[in-house]
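Take this structure first; my questions come after.
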Amino acid sequence: MGVGLLKAHLEAFDAVGAGIADKRREGYDKQYEYADAIKGAYGVFFFQHPSMLEYQERLKIKKQRSNIETILRVKKIPCNNQITRLLDDMESGAFASIFEAGLKTAAGYKGLEQYLVLDGRYHLVTLDGVWFYQSKNINCPHCLSYEMKNGETLYYHDMIAAALVKPKFQTVLPLAPEFIRNEDGQEKQDCERNAAKRWLAKYAEGYGWLNPVFLGDDLYSHYPVCTMIVEKGMHFIFTCKPDSHVWLYDSIDCGCMKGIRVRKWTGREHLESGTSGITE
(Lines give C-alpha, C1' and ligand atoms only; values in the text may rest on other atoms or scores of the structure.)
Protein backbone atom coordinates (compact mmCIF):
# COMPACT_ATOMS: atom_id res chain seq x y z
CA MET A 1 0.00 0.00 0.00
CA GLY A 2 2.92 2.37 0.73
CA VAL A 3 4.22 2.39 -2.85
CA GLY A 4 0.70 2.77 -4.18
CA LEU A 5 0.01 5.73 -1.90
CA LEU A 6 3.22 7.48 -2.95
CA LYS A 7 2.39 6.94 -6.62
CA ALA A 8 -1.11 8.36 -6.09
CA HIS A 9 0.30 11.41 -4.29
CA LEU A 10 2.91 12.12 -6.98
CA GLU A 11 0.32 11.84 -9.75
CA ALA A 12 -1.98 14.16 -7.81
CA PHE A 13 0.87 16.67 -7.31
CA ASP A 14 1.51 16.67 -11.06
CA ALA A 15 -2.18 17.27 -11.74
CA VAL A 16 -2.39 20.14 -9.26
CA GLY A 17 0.77 21.75 -10.60
CA ALA A 18 -0.43 21.47 -14.21
CA GLY A 19 -3.74 23.09 -13.29
CA ILE A 20 -2.18 26.28 -11.87
CA ALA A 21 -2.11 29.28 -14.17
CA ASP A 22 1.46 30.54 -14.38
CA LYS A 23 1.25 34.21 -13.37
CA ARG A 24 4.99 34.80 -13.24
CA ARG A 25 6.03 37.92 -15.10
CA GLU A 26 7.91 37.81 -18.38
CA GLY A 27 11.60 37.56 -17.71
CA TYR A 28 10.97 35.85 -14.36
CA ASP A 29 12.95 32.68 -13.81
CA LYS A 30 10.54 29.94 -14.98
CA GLN A 31 12.96 27.04 -14.96
CA TYR A 32 11.12 25.43 -12.01
CA GLU A 33 7.67 23.90 -12.35
CA TYR A 34 4.88 24.20 -9.79
CA ALA A 35 4.72 20.42 -9.43
CA ASP A 36 8.42 20.32 -8.53
CA ALA A 37 7.89 22.96 -5.84
CA ILE A 38 5.04 20.91 -4.37
CA LYS A 39 7.12 17.74 -4.38
CA GLY A 40 10.06 19.64 -2.93
CA ALA A 41 7.99 20.73 0.07
CA TYR A 42 6.50 17.24 0.36
CA GLY A 43 10.01 15.83 0.55
CA VAL A 44 10.58 17.51 3.94
CA PHE A 45 7.90 15.27 5.41
CA PHE A 46 8.56 12.21 3.27
CA PHE A 47 12.23 12.06 4.27
CA GLN A 48 11.33 13.17 7.84
CA HIS A 49 13.56 16.22 8.16
CA PRO A 50 12.88 18.52 11.14
CA SER A 51 13.17 21.69 9.04
CA MET A 52 13.27 22.97 5.47
CA LEU A 53 16.79 24.29 6.07
CA GLU A 54 18.18 20.88 7.07
CA TYR A 55 16.34 19.33 4.13
CA GLN A 56 18.00 21.75 1.71
CA GLU A 57 21.40 21.13 3.29
CA ARG A 58 20.96 17.37 2.93
CA LEU A 59 20.11 17.81 -0.74
CA LYS A 60 23.64 19.08 -1.33
CA ILE A 61 24.81 15.50 -0.71
CA LYS A 62 24.73 13.64 -4.03
CA LYS A 63 22.91 10.57 -2.70
CA GLN A 64 20.17 12.63 -1.06
CA ARG A 65 19.76 14.71 -4.20
CA SER A 66 19.43 11.58 -6.29
CA ASN A 67 16.76 10.25 -3.94
CA ILE A 68 14.42 13.18 -4.40
CA GLU A 69 14.91 13.04 -8.17
CA THR A 70 14.28 9.31 -8.47
CA ILE A 71 11.80 8.66 -5.64
CA LEU A 72 9.74 11.87 -5.87
CA ARG A 73 10.28 12.34 -9.61
CA VAL A 74 11.41 15.95 -9.32
CA LYS A 75 12.77 17.20 -12.64
CA LYS A 76 14.70 20.17 -11.24
CA ILE A 77 15.03 20.74 -7.50
CA PRO A 78 14.08 24.28 -6.41
CA CYS A 79 15.72 25.90 -3.40
CA ASN A 80 13.88 27.05 -0.27
CA ASN A 81 13.13 30.58 -1.56
CA GLN A 82 11.96 29.29 -4.92
CA ILE A 83 9.63 26.77 -3.28
CA THR A 84 8.17 29.56 -1.13
CA ARG A 85 7.62 31.90 -4.09
CA LEU A 86 5.85 29.22 -6.11
CA LEU A 87 3.72 27.82 -3.29
CA ASP A 88 2.59 31.28 -2.14
CA ASP A 89 0.66 31.64 -5.42
CA MET A 90 -1.35 28.47 -4.81
CA GLU A 91 -4.74 28.29 -3.12
CA SER A 92 -4.83 25.72 -0.33
CA GLY A 93 -8.13 24.32 -1.65
CA ALA A 94 -6.30 23.06 -4.73
CA PHE A 95 -4.73 20.33 -2.60
CA ALA A 96 -7.97 18.86 -1.23
CA SER A 97 -8.17 16.31 -4.05
CA ILE A 98 -4.76 14.90 -3.04
CA PHE A 99 -6.10 13.70 0.31
CA GLU A 100 -9.08 12.09 -1.43
CA ALA A 101 -6.81 10.37 -3.96
CA GLY A 102 -4.62 8.95 -1.21
CA LEU A 103 -7.59 7.66 0.74
CA LYS A 104 -9.14 6.03 -2.32
CA THR A 105 -5.82 4.35 -3.10
CA ALA A 106 -5.58 3.02 0.46
CA ALA A 107 -9.14 1.70 0.14
CA GLY A 108 -8.20 0.00 -3.13
CA TYR A 109 -5.47 -1.91 -1.30
CA LYS A 110 -8.02 -2.75 1.43
CA GLY A 111 -5.93 -0.68 3.80
CA LEU A 112 -8.97 0.99 5.37
CA GLU A 113 -10.57 -2.25 6.52
CA GLN A 114 -8.22 -2.41 9.50
CA TYR A 115 -9.54 0.98 10.65
CA LEU A 116 -13.14 -0.19 10.95
CA VAL A 117 -14.66 -0.09 14.46
CA LEU A 118 -17.99 -0.78 16.16
CA ASP A 119 -18.60 -4.23 14.68
CA GLY A 120 -16.78 -3.29 11.49
CA ARG A 121 -19.37 -0.71 10.44
CA TYR A 122 -17.78 2.70 11.00
CA HIS A 123 -14.58 4.70 10.64
CA LEU A 124 -13.48 7.19 13.30
CA VAL A 125 -12.62 10.68 12.03
CA THR A 126 -11.06 13.16 14.45
CA LEU A 127 -11.46 16.93 14.15
CA ASP A 128 -8.97 19.04 16.06
CA GLY A 129 -7.26 22.41 15.84
CA VAL A 130 -3.49 22.44 15.27
CA TRP A 131 -1.11 25.41 15.45
CA PHE A 132 1.51 25.14 12.71
CA TYR A 133 3.16 28.56 13.01
CA GLN A 134 3.68 31.16 15.73
CA SER A 135 5.76 34.29 16.21
CA LYS A 136 5.82 37.45 18.28
CA ASN A 137 7.39 39.49 15.49
CA ILE A 138 6.45 38.11 12.09
CA ASN A 139 2.79 38.20 11.05
CA CYS A 140 0.52 38.58 8.04
CA PRO A 141 -3.06 39.86 7.51
CA HIS A 142 -4.37 36.30 7.83
CA CYS A 143 -2.69 35.61 11.18
CA LEU A 144 -4.70 34.91 14.30
CA SER A 145 -3.50 36.69 17.43
CA TYR A 146 -3.38 35.94 21.13
CA GLU A 147 -2.74 38.43 23.92
CA MET A 148 -0.30 36.95 26.41
CA LYS A 149 -0.22 37.66 30.14
CA ASN A 150 2.88 39.86 29.78
CA GLY A 151 1.04 42.12 27.32
CA GLU A 152 2.83 40.84 24.21
CA THR A 153 0.89 39.65 21.19
CA LEU A 154 1.51 36.18 19.82
CA TYR A 155 0.66 35.69 16.15
CA TYR A 156 -0.12 32.21 14.89
CA HIS A 157 -1.64 30.12 12.12
CA ASP A 158 -4.08 27.35 12.94
CA MET A 159 -6.11 24.75 11.06
CA ILE A 160 -8.64 21.97 11.54
CA ALA A 161 -6.65 18.77 11.06
CA ALA A 162 -9.03 15.93 10.22
CA ALA A 163 -7.73 12.36 10.26
CA LEU A 164 -8.89 8.77 10.06
CA VAL A 165 -7.85 7.05 13.29
CA LYS A 166 -8.27 3.92 15.35
CA PRO A 167 -7.45 3.28 19.03
CA LYS A 168 -3.97 1.78 19.56
CA PHE A 169 -3.02 2.48 15.92
CA GLN A 170 0.07 4.69 15.56
CA THR A 171 -0.60 5.47 11.90
CA VAL A 172 -3.33 8.00 11.09
CA LEU A 173 -4.59 8.84 7.60
CA PRO A 174 -4.97 12.62 7.08
CA LEU A 175 -8.05 14.08 5.42
CA ALA A 176 -8.38 17.52 3.83
CA PRO A 177 -7.77 20.30 6.38
CA GLU A 178 -9.59 23.60 6.85
CA PHE A 179 -7.55 26.67 7.70
CA ILE A 180 -8.54 28.96 10.55
CA ARG A 181 -7.58 32.37 9.22
CA ASN A 182 -8.72 35.97 9.08
CA GLU A 183 -9.94 36.90 5.62
CA ASP A 184 -9.68 40.34 4.01
CA GLY A 185 -12.21 42.75 5.49
CA GLN A 186 -13.14 40.37 8.29
CA GLU A 187 -13.73 42.26 11.55
CA LYS A 188 -14.19 39.34 13.94
CA GLN A 189 -11.31 36.89 14.36
CA ASP A 190 -11.90 33.47 12.86
CA CYS A 191 -12.19 30.56 15.29
CA GLU A 192 -11.94 26.78 15.39
CA ARG A 193 -15.68 26.25 15.73
CA ASN A 194 -16.49 28.28 12.61
CA ALA A 195 -13.75 26.44 10.73
CA ALA A 196 -15.27 23.12 11.83
CA LYS A 197 -18.61 24.15 10.34
CA ARG A 198 -16.87 25.11 7.10
CA TRP A 199 -15.07 21.74 7.05
CA LEU A 200 -18.34 19.86 7.49
CA ALA A 201 -20.02 21.90 4.75
CA LYS A 202 -17.14 21.32 2.30
CA TYR A 203 -16.03 17.77 2.98
CA ALA A 204 -18.38 15.72 5.18
CA GLU A 205 -20.58 14.43 2.35
CA GLY A 206 -17.52 13.66 0.22
CA TYR A 207 -16.24 11.40 2.99
CA GLY A 208 -19.66 9.85 3.53
CA TRP A 209 -18.50 6.59 1.93
CA LEU A 210 -16.37 6.04 5.06
CA ASN A 211 -19.53 5.96 7.20
CA PRO A 212 -17.70 8.24 9.65
CA VAL A 213 -18.19 8.83 13.35
CA PHE A 214 -16.70 12.24 14.14
CA LEU A 215 -14.63 12.64 17.29
CA GLY A 216 -13.90 15.96 18.96
CA ASP A 217 -13.30 17.75 22.23
CA ASP A 218 -15.71 19.97 24.13
CA LEU A 219 -15.36 22.77 21.58
CA TYR A 220 -17.22 20.73 18.97
CA SER A 221 -20.02 19.68 21.31
CA HIS A 222 -22.10 22.62 20.15
CA TYR A 223 -25.64 22.64 18.73
CA PRO A 224 -24.86 24.00 15.21
CA VAL A 225 -21.98 21.54 14.70
CA CYS A 226 -23.95 18.56 16.02
CA THR A 227 -26.98 19.53 13.91
CA MET A 228 -24.89 19.70 10.73
CA ILE A 229 -23.60 16.18 11.32
CA VAL A 230 -26.99 14.70 12.17
CA GLU A 231 -28.63 16.34 9.13
CA LYS A 232 -26.06 14.59 6.93
CA GLY A 233 -27.07 11.23 8.43
CA MET A 234 -23.75 10.84 10.23
CA HIS A 235 -22.71 10.33 13.84
CA PHE A 236 -20.47 11.97 16.42
CA ILE A 237 -18.85 11.36 19.80
CA PHE A 238 -17.88 14.67 21.46
CA THR A 239 -16.58 15.46 24.92
CA CYS A 240 -18.96 17.42 27.18
CA LYS A 241 -17.47 19.31 30.13
CA PRO A 242 -19.59 20.21 33.18
CA ASP A 243 -18.93 23.96 32.98
CA SER A 244 -20.02 24.26 29.33
CA HIS A 245 -22.87 21.70 29.40
CA VAL A 246 -24.62 22.58 32.61
CA TRP A 247 -28.06 21.38 31.49
CA LEU A 248 -26.72 17.95 30.53
CA TYR A 249 -25.02 17.41 33.88
CA ASP A 250 -28.04 18.77 35.76
CA SER A 251 -30.18 16.21 33.89
CA ILE A 252 -27.85 13.43 35.02
CA ASP A 253 -27.80 14.68 38.61
CA CYS A 254 -31.59 15.02 38.70
CA GLY A 255 -32.08 11.43 37.60
CA CYS A 256 -33.28 12.04 34.02
CA MET A 257 -30.24 10.10 32.86
CA LYS A 258 -28.39 7.23 34.41
CA GLY A 259 -24.73 7.83 35.18
CA ILE A 260 -22.21 5.03 34.62
CA ARG A 261 -18.64 5.14 35.93
CA VAL A 262 -15.94 2.94 34.43
CA ARG A 263 -12.65 2.22 36.22
CA LYS A 264 -9.69 1.14 34.05
CA TRP A 265 -6.11 0.13 34.77
CA THR A 266 -3.59 1.81 32.42
CA GLY A 267 -0.49 0.13 33.82
CA ARG A 268 0.49 3.11 35.93
CA GLU A 269 -2.65 4.31 37.62
CA HIS A 270 -6.39 3.89 37.77
CA LEU A 271 -8.41 6.17 35.52
CA GLU A 272 -12.08 6.85 36.04
CA SER A 273 -14.38 8.00 33.28
CA GLY A 274 -18.06 8.71 33.37
CA THR A 275 -20.61 7.99 30.65
CA SER A 276 -24.35 8.43 30.60
CA GLY A 277 -27.39 6.93 28.94
CA ILE A 278 -31.04 7.93 28.92
CA THR A 279 -33.11 5.82 31.29
CA GLU A 280 -36.45 4.42 30.17
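State whether one or more residues within the stretch 179-194 are farther than 25 Å from GLN134 by Cα and buried (at least 20 other Cβ atoms within 10 Å of the Cβ). Walk me through it before giving the result.
Looking only at the stretch 179-194, we keep the residues that are farther than 25 Å from GLN134 by Cα, and these are none.
Looking through the stretch 179-194, none of the residues is farther than 25 Å from GLN134 by Cα and buried (at least 20 other Cβ atoms within 10 Å of the Cβ).
Among the numbered criteria (1) more than 23 Å from GLU100 (Cβ to Cβ); (2) touching a Ser or Thr at 6+ places or on another chain (Cβ under 8 Å); (3) without any contact (Cβ under 8 Å) to a residue 40 or more places away in the chain, which single criterion is violated by ALA163?
Failed condition: (1).
Within the stretch 174-185, is even one residue in contact with a Phe, Trp or Tyr (Cβ under 6 Å, 6 or more places away or on another chain) and among the aromatic types (Phe, Trp, Tyr)?
No, that holds for no residue.
Another question, then. Out of all the residues in the stretch 67-103, which are within 18 Å of ALA162 (Cβ to Cβ) and exposed (fewer than 13 other Cβ atoms within 10 Å of the Cβ)? Steps first, please.
Just the residues of the stretch 67-103 that are within 18 Å of ALA162 (Cβ to Cβ), to begin with: 92-103.
Of everything in the stretch 67-103, just one residue is within 18 Å of ALA162 (Cβ to Cβ) and exposed (fewer than 13 other Cβ atoms within 10 Å of the Cβ), namely GLY93.
Scan the stretch 223-256 for residues that are assigned by TED's automatic domain parsing to the domain that holds LYS202, in a loop (DSSP other than H, G, I, E, B) and surrounded by 14 or more Cβ atoms within 10 Å (Cβ to Cβ) and jot them down.
LYS232, MET234
Can you work out which of the residues in the stretch 106-132 that are free of Cβ contacts under 8 Å to residues at least 40 places away in the same chain and over 20 Å from GLY216 (Cα atoms) is surrounded by the most Cβ atoms within 10 Å (Cβ to Cβ)?
ALA107
Something else now. Of all residues in the stretch 131-172, which are in the same structural domain as LEU215 (by TED's automatic domain parsing) and farther than 26 Å from GLY93 by Cα?
Across the stretch 131-172, the qualifying residues are LYS166, PRO167, LYS168, PHE169, GLN170.
Inside the stretch 47-81, can you point out the residues that are at pLDDT 80 or above, outside any loop (DSSP other than H, G, I, E, B) and hydrophobic (A, V, I, L, M, F, W, C)?
Of everything in the stretch 47-81, just one residue is at pLDDT 80 or above, outside any loop (DSSP other than H, G, I, E, B) and hydrophobic (A, V, I, L, M, F, W, C), namely ILE71.
Conditions tested, residue by residue: (1) surrounded by 15 or more Cβ atoms within 10 Å (Cβ to Cβ); (2) more than 24 Å from GLY120 (Cα to Cα).
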{"position": "GLN134", "(1), (2)": "yes, yes"}
{"position": "SER145", "(1), (2)": "no, yes"}
{"position": "MET159", "(1), (2)": "yes, yes"}
{"position": "PHE169", "(1), (2)": "no, no"}
{"position": "LEU175", "(1), (2)": "yes, no"}
{"position": "TRP209", "(1), (2)": "no, no"}
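Given LEU103, LEU86, which one is within 25 Å of the chain's Cα centre (by Cα), in contact (Cβ under 8 Å) with a residue 40 or more places away in the chain, over 18 Å from LYS7 (Cα atoms) and assigned to a helix (DSSP H, G or I)?
Working: LEU103 fails: over 18 Å from LYS7 (Cα atoms).
When all the criteria are applied, what remains is LEU86.
The values are calculated or read from the model by the stated rules, or taken from the named source; none is laboratory data. Only a predicted model underlies this, so the values are computations on that prediction, with no experimental measurement involved. Heads up, the Cβs are rebuilt from the backbone with ideal geometry, glycines too, and the neighbour counts pull from every protein chain shown.
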